[in-house]
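**Q** The structure's right below; bear with me while I get my questions together.
The values are calculated or read from the model by the stated rules, or taken from the named source; none is laboratory data. Here the structure is a predicted model, which means the values were calculated and not measured. Using ideal geometry, Cβ is built from the backbone for each residue, glycine included, and neighbour counts are taken over all protein chains shown. For accessibility, only protein heavy atoms count, side chains too; no ligands or nucleic acids. Shrake-Rupley method; radii C 1.70, N 1.55, O 1.52, S 1.80 Å.
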Amino acid sequence: MTVNGRSVSAEVETRFLLVDFLRHRLRLTGTHVGCAHGACGACTILLDDRPARSCLVFAVQADGATIRTIESLAQDDRLSPLQEEFRNHHALQCGYCTPGMLMAATALLAETPDPTETQIKEYMAGNLCRCTGYQPIVRAVKATAARRPK
Amino acid sequence: MAVGAPAARLEGAEKVSGRARYTEDLRLPGMLHARLVLSPHPRARIARIPKEAALEVPGIVAVYTGADLPIGTAARRALAKEEVRYTGEPVAAVLAESEAAAADAVERLASVVEYEVMTPILDPMDAMRPDAPAVTAVILADAEAAAHAAASAGAEDQEKRPSNITNHVTYKRGDVEAGLREADLVIERTYTTPRVHQLYIEPQCAVATTDPASGHVTIYTATQGQFFVREQVAKALDLPLQSVRVVPLTIGGGFGGKIQLIQPMAAALALASNRPVRLILTRSEDLLLSTPAPECVMTLKTGVKKDGTLTAIEGKLIFDSGSAPAAPTGIGALLMGGYYRVPHFHVEAFEVLTNKPAVGAYRAPGATQANFAMESQMDIMGRALGLDPVAFRLHNAAAEGDPMPDGKPWNRIGLREVLERLQRHPAWTGRETGDGVGYGIAVGGWPGGVESASACMRANTDGTFQVVTGAIDVTGTSTTFAQIAADVLGLPVDKIQVITSDTDTAPYAGMSAGSKTLYTVGAALQIAAEDARRQILEIAAKEMEAHVDDLEIANGQVRVKGAPGRSLAVAEVAARSMRFGAKHPPIFGAGSVPSPKTSPGFAAHLVKARVDRETGAVKILGHVVFQDVGFAVNPAAVDGQIRGGAVQAIGWGLIEAMRYDESGTLLTSTLSDYPLPRASDVPPMDVEFIEVRSQYGPYGAKGVGEPPIISGGPAIANAVADACGVREVSLPITAERLLAALEGGRPRA
Ligand code: FES
Ligand code: FES
């Protein structure tokens, strides 16, 4: 598979989860585990450009796939506009849900460059955050959309 | 100026880039994986734990039972011994070379542990009966509960009883019977609130390792209070404090629920195996054995005159504390109407043990429950007498100097001010009536936790400074600390680094709980920064041959006031105080404070909601929170606290509850079953700061964490009553529950 632009090959047990492969084999620990049963979205990554819960995918199922994790958003240590807006808008407190939120929002903005508030709330409804009350996250996504050259 | 202006979070960049380090990210060489075997029964005798079943699994290293590792206190054991007291109680721990092997071993062993099942006591009403069997034979004042009685509610009458009632608090003034006789209207109701989980998104986690040379143990963990963890681990393992080091890593949410839980177990396993041990709960294990908010049954009988004057409050709260004493009895009793001026008052609260997991603190413990009952009751009385809900509350609101239920006077509070701001807000003055739309308000407060605290300020020779504290940053307090230090020193915020060091090196700070981190540690830090500033000026005065009083610091330069040409860089001052042969002592600021007086924080909620009569669904159309924050040092962080708390309140109001079946099995043991508010559930929300300055907090700041969650639930219940005429006395007001009431023609509000 290709992970964050690099091709990776490894032998894994069939029951090894993709999230464990990313976190423990590749040491990409930015992807978090909040439930391991597909309910919180903390483990959201992009699998062939679509948001996916890496706790619900076995590593072997991702054979040949192209994967992007939170670690790919910043370019040469420069935060992406979405990351900057999350930071500026206090769209995080403990930060545990943040990588999953950012990956879901990345997918949303790729599909819908200028989403409405309702579209954002609905798209992000599968990603749980216990700290922020979501409104700063919605604002950060909107602000990112507003930054795109029209 | 840095203070009072919104500042971006210092740790924001590492959190948005995935670089922040959480406990689960830690991998130590030779590390073993621990997993726990949990009891499937709420009350049983353990007949046999055939350890061989687990030991056969390849990769397994060791299996321990309560007999092998008798750690913890009698009321709260790390591993059950002889009998289990709740479903989910750990009965054995396995250590394996991999997480998968540990999971396999747990599965094997769990299926063969033999129990003699007994009838559980699940209902606190049953547990209170004198003939009820004891949930635990040992009645101990629980250290954890005491430590988290953050509001320091001094009860006038506390007693310990040899039964399942482990605490009983009474507050009394006047003569309620007489007060009720004077009333034109007496209302009596029973209210209930469910067991609600803090549901931090990062599960409980700890990694422990030992130093073979010294025998010391180090614990890396997510906790709100590292010194408290150190003390509890030392006590559980009978070690001197110096032998235990707690290193707090980034915490993935706490809300009162991440203080101390599995750390003694992780430390014991590391010591027993002499290998590093990682113990991370799965989400289900976390829901089964961590410490949520208690269920509460409350009765209120209140009297009021036609003009809206309260004459008497008589109340009772029964907290289901689960298998160990930890309920917020004192705070609950203090806040059941204690913020209204009423001559006759009698409220008592009971803590009762049952065969469920022990409870713990969840944001504003005791306040959320008591306030739901009191503010619902206010709405019922106000409606019956045709009173304006805001005016009715204002008419009875306590003010500075009025007695609290414990007899102490209220310090300066903004109760009146938050209500007055609500009264003028367009969302209130412009109320529109429409089909199924209703408005509800409620107000409540948090007494404010207090504790002594210390901090220090170190200079570096490049002109940067390090603030060192022992306070855990759960909510953004590091950023606020940096703003304060920068303000005092006259430096840009980026010259300040804020460090939470570990229990071996940090100056003492209490747990980040009770809305007291900025209030106490921030105050100590302000003193430390002033101390450092004085030293800088003294050194500069000597070097510049000027008088100290003529100097000021601006933009990183010490300058002679009025003579812009004469200046010396702060970096240079620092460098001249720290080098070979230096003439000056190193700049080192220290600050410590005793527990300050409290500055209670009040907040009012205004909720506009629509009830769908077909489905019973409640949709919140608008929500405004009016909170007295004293002074917002970092308005962006304060705003975030209020919104986060208010959405948790929506969870309390409409959806959240841990549910058990009759056999004591948790039905909501996954995140798919336990409902949390989602982005799509959040209504348009406004936040209004009211700034009634505290006389004690830094810059007049008050604690802001707890207040925003307290009155959201009752404001929603009151809006529902206004919208459809149904008075819900139990939270959460789920669509199912409301529909049943609408169809059943429940008595009107
Ligand atoms: S960890 Fe994958 S959805 Fe929660
Ligand atoms: S920031 Fe803590 S869970 Fe979202």
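**Q** Only residues in the stretch A:126-137 that are modelled with pLDDT of 95 or more count as the first member; pair them with residues that are within 16 Å of ligand 1 (Cβ to nearest atom) and of a type in the set (S, T, Y), Cβ under 7 angstrom, at least 6 apart or cross-chain, and list the lot.
**A** Partner pairs satisfying both residue conditions: A:N127/A:T44; A:R130/B:Y200.
**Q** Between residues in the stretch A:50-76 that are away from every other protein chain (no Cβ under 14 Å) and residues that are away from ligand 2 (no atom under 16 Å from the Cβ) and open to solvent by 80 Å² or more (accessible area, probe 1.4 Å), which pairs lie under 6 Å by C-beta distance while being six or more apart or on different chains?
**A** Matching pairs, first to second residue: A:V60/A:T14; A:A65/A:D48; A:T66/A:D48.
**Q** Just need a number here: residues in the stretch A:67-113 that are open to solvent by 20 Å² or more (accessible area, probe 1.4 Å), under 9 Å from the mean Cα position of the chain (by Cα) and within 16 Å of ligand 2 (Cβ to nearest atom).
**A** 0
**Q** Quickly run through the stretch B:1-39 and pick out the residues that are more than 7 Å from chain A (Cβ to nearest Cβ), modelled with pLDDT under 95 and open to solvent by less than 10 Å² (accessible area, probe 1.4 Å).
**A** B:V3, the sole residue that qualifies.
**Q** Now for a separate question. Considering only residues that are open to solvent by 10 Å² or more (accessible area, probe 1.4 Å) and assigned to a helix (DSSP H, G or I), which ones fall in the stretch B:266-283?
**A** Selection gives B:L271, B:A272, B:S273.
**Q** In the stretch B:162-182, what count of residues is obtained for those that are open to solvent by less than 20 Å² (accessible area, probe 1.4 Å) and part of a loop (DSSP other than H, G, I, E, B)?
**A** 1
**Q** Somewhere in the stretch B:494-506, is a residue assigned to a helix (DSSP H, G or I), touching a Ser or Thr at 6+ places or on another chain (Cβ under 7 Å) and outside the structural domain of B:G252 (by TED's automatic domain parsing)?
**A** Going through the stretch B:494-506, the residues assigned to a helix (DSSP H, G or I) turn out to be B:494-495.
Of the ones still in play, those that are also touching a Ser or Thr at 6+ places or on another chain (Cβ under 7 Å) are B:495.
When the remaining residues are screened for being outside the structural domain of B:G252 (by TED's automatic domain parsing), the result is B:495.
Within the stretch B:494-506 (the criterion being assigned to a helix (DSSP H, G or I), touching a Ser or Thr at 6+ places or on another chain (Cβ under 7 Å) and outside the structural domain of B:G252 (by TED's automatic domain parsing)), the answer is yes, since at least one residue qualifies.
**Q** Also, I was wondering about something else. Name every residue in the stretch B:297-317 that is among the small types (G, A, S), crowded, with 24+ Cβ neighbours inside 10 Å and farther than 15 Å from B:L335 by Cα, in order of residue number.
**A** Restricting attention to the stretch B:297-317, the residues satisfying the condition of being among the small types (G, A, S) are B:303, B:308, B:312, B:315.
Narrowing further to those that are crowded, with 24+ Cβ neighbours inside 10 Å: B:303, B:312, B:315.
Selection gives B:G303 alone.
**Q** Another question, then. Read through the list (1) modelled with pLDDT of 95 or more; (2) exposed (fewer than 14 other Cβ atoms within 10 Å of the Cβ), then give the number of the only condition that A:G38 fails.
**A** (2)
**Q** Within the stretch A:3-20, take every residue that is in contact (Cβ under 8 Å) with a residue 40 or more places away in the chain and within 16 Å of the chain's Cα centre (by Cα) and give me the one that is nearest to the other protein chains (Cβ to nearest Cβ).
**A** Applying the filter and picking the extreme gives A:N4.
**Q** Quick check: anything in the stretch B:518-532 in contact (Cβ under 8 Å) with a residue 12 or more places away in the chain and under 30 Å from B:G622 (Cβ atoms)?
**A** So in the stretch B:518-532, the residues in contact (Cβ under 8 Å) with a residue 12 or more places away in the chain come out as B:518-532.
Restricting the remaining residues to those that are under 30 Å from B:G622 (Cβ atoms) gives B:518.
For the stretch B:518-532, residues in contact (Cβ under 8 Å) with a residue 12 or more places away in the chain and under 30 Å from B:G622 (Cβ atoms): present.
**Q** Can you find, within the stretch B:225-256, the residue that is most open to solvent (accessible area, probe 1.4 Å) among those that are out of contact with any strand residue (DSSP E or B) (no Cβ under 9 Å at 6 or more places or on another chain) and within 16 Å of ligand 2 (Cβ to nearest atom)?
**A** The selected residue is B:F255.
**Q** Does B:A102 satisfy the criteria of being part of a helix (DSSP H, G or I) and open to solvent by less than 20 Å² (accessible area, probe 1.4 Å)? Quick ask: steps written out before the conclusion?
**A** Numbers: part of a helix (DSSP H, G or I): yes; open to solvent by less than 20 Å² (accessible area, probe 1.4 Å): yes.
For B:A102, the condition - part of a helix (DSSP H, G or I) and open to solvent by less than 20 Å² (accessible area, probe 1.4 Å) - is met.
**Q** Right, next: Could you list, in sequence order, all residues of the stretch A:85-97 that are touching a residue at least 60 places away in the same chain (Cβ under 8 Å) and out of contact with any Leu (no Cβ under 7 Å at 6 or more places or on another chain)? Steps first, answer last, please.
**A** First, the residues of the stretch A:85-97 that are touching a residue at least 60 places away in the same chain (Cβ under 8 Å): A:85, A:96-97.
Result: A:E85, A:Y96.
**Q** Within the stretch B:341-362, identify whether any single residue is open to solvent by 10 Å² or more (accessible area, probe 1.4 Å), away from ligand 1 (no atom under 16 Å from the Cβ) and among the hydroxyl-bearing types (S, T, Y), and answer yes or no.
**A** No.
**Q** Tell me, which residue of the stretch B:676-710 that is more than 16 Å from ligand 2 (Cβ to nearest atom) and over 30 Å from B:P594 (Cβ atoms) is nearest to the other protein chains (Cβ to nearest Cβ)? Don't jump to the end; show me each part of the working.
**A** Narrowing the stretch B:676-710 to residues more than 16 Å from ligand 2 (Cβ to nearest atom): B:683-704, B:706-707, B:710.
Add one more test, that the residue is over 30 Å from B:P594 (Cβ atoms), and what stays is B:683-688.
On the way: B:P683: 10, B:P684: 9, B:M685: 6, B:D686: 10, B:V687: 9, B:E688: 15 Å.
Among those that are more than 16 Å from ligand 2 (Cβ to nearest atom) and over 30 Å from B:P594 (Cβ atoms), it is B:M685.
**Q** I'd like to check something: does the stretch B:221-233 contain any residue that is away from ligand 1 (no atom under 16 Å from the Cβ) and in a strand (DSSP E or B)?
**A** yes
**Q** Please find, among A:A145, A:A104, the residue that is within 23 Å of B:Y22 (Cα to Cα) and touching a residue at least 12 places away in the same chain (Cβ under 8 Å). Break it down stepwise before answering.
**A** On the way: A:A145 fails: within 23 Å of B:Y22 (Cα to Cα).
Checking each option against the conditions leaves just A:A104.
**Q** Which residues, counting only those in the stretch A:30-54, are among the charged types (D, E, K, R) and within 6 Å of ligand 1 (Cβ to nearest atom)? Full working, then the answer.
**A** Of the residues in the stretch A:30-54, the ones among the charged types (D, E, K, R) are A:48-50, A:53.
Passing the criteria: only A:R53.
**Q** Is there any pair linking a residue in the stretch B:187-216 that is within 14 Å of another protein chain (Cβ to nearest Cβ) and within 16 Å of ligand 1 (Cβ to nearest atom) to one that is part of a strand (DSSP E or B) and open to solvent by less than 10 Å² (accessible area, probe 1.4 Å), with Cβ under 7 Å and at least six apart or on different chains, and which?
**A** Here the result reads B:E202/B:Y22; B:C205/B:T221, each pair linking the stretch B:187-216 to a residue that is part of a strand (DSSP E or B) and open to solvent by less than 10 Å² (accessible area, probe 1.4 Å).
**Q** Confirm whether A:L17 is more than 15 Å from ligand 2 (Cβ to nearest atom), buried (at least 16 other Cβ atoms within 10 Å of the Cβ) and at negative phi. Even if it seems obvious, please write down each step before you answer.
**A** Details: more than 15 Å from ligand 2 (Cβ to nearest atom): yes; buried (at least 16 other Cβ atoms within 10 Å of the Cβ): yes; at negative phi: yes.
Considered against the rule, which asks whether it is more than 15 Å from ligand 2 (Cβ to nearest atom), buried (at least 16 other Cβ atoms within 10 Å of the Cβ) and at negative phi, A:L17 comes out as yes.
**Q** Any residue that is surrounded by fewer than 20 Cβ atoms within 10 Å (Cβ to Cβ) and either within 30 Å of the chain's Cα centre (by Cα) or within 14 Å of chain A (Cβ to nearest Cβ) (or both) - is there at least one of those in the stretch B:46-57?
**A** No: the stretch B:46-57 contains no residue that is surrounded by fewer than 20 Cβ atoms within 10 Å (Cβ to Cβ) and either within 30 Å of the chain's Cα centre (by Cα) or within 14 Å of chain A (Cβ to nearest Cβ) (or both).
**Q** Restricting to the stretch A:87-128, name every residue that is within 16 Å of ligand 1 (Cβ to nearest atom) and within 7 Å of chain B (Cβ to nearest Cβ).
**A** Across the stretch A:87-128, the qualifying residues are A:C94, A:G95, A:Y96, A:C97, A:T98, A:P99, A:L102, A:M124, A:A125, A:L128.
**Q** Just name the residue that is farthest from B:S323 (Cα to Cα) out of those in the stretch B:336-360 that are among the hydrophobic types (A, V, I, L, M, F, W, C) and in contact with a Ser or Thr (Cβ under 8 Å, 6 or more places away or on another chain).
**A** First, the residues of the stretch B:336-360 that are among the hydrophobic types (A, V, I, L, M, F, W, C): B:336, B:342, B:345, B:347, B:349-350, B:352-353, B:358-359.
From the residues that got through so far, the ones that are in contact with a Ser or Thr (Cβ under 8 Å, 6 or more places away or on another chain) too are B:342, B:347, B:349-350, B:352-353, B:358-359.
Working: B:V342: 36, B:V347: 24, B:A349: 18, B:F350: 14, B:V352: 9, B:L353: 5, B:A358: 5, B:V359: 8 Å.
Restricting to residues being among the hydrophobic types (A, V, I, L, M, F, W, C) and in contact with a Ser or Thr (Cβ under 8 Å, 6 or more places away or on another chain), the top hit is B:V342.
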